[in-house]
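The values are calculated or read from the model by the stated rules, or taken from the named source; none is laboratory data. Computed from a predicted model, the values in this text were never measured in an experiment. Reconstructed Cβ throughout: ideal geometry from the backbone, glycine too, with neighbour counts over all protein chains shown. Side chains are part of the model used for accessible areas, which takes the heavy atoms of the whole protein and leaves out ligands, DNA and RNA. Shrake-Rupley method; radii C 1.70, N 1.55, O 1.52, S 1.80 Å.
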Amino acid sequence: MAYVVQPADRLLTSSRWRPRNDALGLGVPHLMTTWGIIGSGNIGTTVARLAIDAGHDVVLSNSRGPETLTDLVESLGDHARAATAEEAAEAGDVVLVTIPLKAYRDVPVEPLRGKTVLDTMNYYPQRDGEIAELEDESTTTSELLQAHLPESHVVKVFNNIFFQHLATLARPSGAEDRSALAIAGDDADAKKNVTELLDELGYDALDLGPLAEGWRIQRDTAAYGTQYAADPEDWTKGAEPAGVDEVGTRAAQALRYRDA
């Protein structure tokens with residue numbers, strides 16, 4: 001199975017500079033993006049910090065209301081603010097959905113029309129309840145979200161990396177120990193957008209193909225998390241870089257649950 005390593009095109013017009021992501025320590029011009037984040041748990045907070053480090057703004061939300069995010073927003077600084085899920089969806093140039101899968105129907109539809117939506121969700125039956133079409137593997141979590149958001153462009157990403165590893169493995173463009181994150185999506189322009197954003201956050205992108213291929217990085221597959229762990233038995237013991245070759249090899253080794 002062949003995968004596509006996505007090169008990140010440089011964005012050449014900006015009023016802000018991001019020296020962190022240049023291997024030579026030089027400023028790299030970029031367009032500032034506003035990230036709407038629906039769900040402010042470990043992954044949502046980690047992506048928010050990476051985005052702010054890259055010179056972007058973030059609008060965070062959760063199911064309990066913006067008033068519960070005061071401390072988090074203060075810790076993130078001036079480029080973060082709290083909002084409702086509807087407001088985060090409206091404000092975001094790109095929107096991250098990082099909530100328990102059982103709540104995916106609560107994601108607002110109208111403000112996400114035409115937008116790139118990043119899906120981090122995994123299916124855990126003990127938490128989410130049994131979902132028949134995921135049990136029989138006739139669809140994937142991201143395809144469920146895409147059906148809920150028919151006029152949005154869903155891209156699967158961030159679901160198969162432990163949040164502590166995501167926080168520490170970001171590297172400048174061209175670094176020998178740069179890690180890759182797998183993506184899947186049906187819209188080529190949306191995947192190009194996500195590839196450019198991942199580059200700014202410090203990661204290469206490995207394109208698995210359409211959303212239907214997102215199963216290759218779902219829980220309990222060969223590409224689920226362990227490639228980034230210094231100790232595969234205890235993910236809290238540090239991170240290990242995993243480049244495009246390793247991530248691609250593991251994704252190719254993935255088995256359907258029925259075949260495992």
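Worth pointing out:
- Gap separating the Cα centres of segment 130-144 and segment 184-229, nearest whole Å: 19 Å
- Put a plus charge on the Cβ of each Lys and Arg, a minus charge on the Cβ of each Asp and Glu, and nothing anywhere else: the dipole of segment 121-260 about its Cα centre is then about 200 debye.
- Once the chain from ARG64 to LYS102 is taken as fully extended at 0.36 nm per residue, the excess over their C-alpha distance is 12.1 nm.
- Entries in LYS115/LYS191; LYS156/LYS237; LYS156/LYS191; LYS156/LYS192 that, when Cα-Cα distance is taken, lie over 21 Å: LYS156/LYS237
- Evaluated with a Cβ-only charge set (Lys, Arg +1; Asp, Glu -1), the chain carries a dipole of roughly 300 debye about its Cα centre, given to the nearest 20.
- Relative to the current alpha-carbon distance between ARG258 and LYS237, full extension at 0.36 nm per residue lengthens the span by 4.4 nm.
- Kirkwood-Stokes translational diffusion coefficient of segment 161-260, alpha-carbon pairs, 25 °C, 0.890 mPa s, µm²/s: 177 µm²/s
- Answer label for Rg and Dmax of the Cα atoms in Å (calculated), chosen among (i) 25.4, 85; (ii) 17.3, 52; (iii) 19.9, 75: (ii)
- Carbon plus sulfur fraction of accessible area for the chain, probe 1.4 Å, in percent: 49 percent
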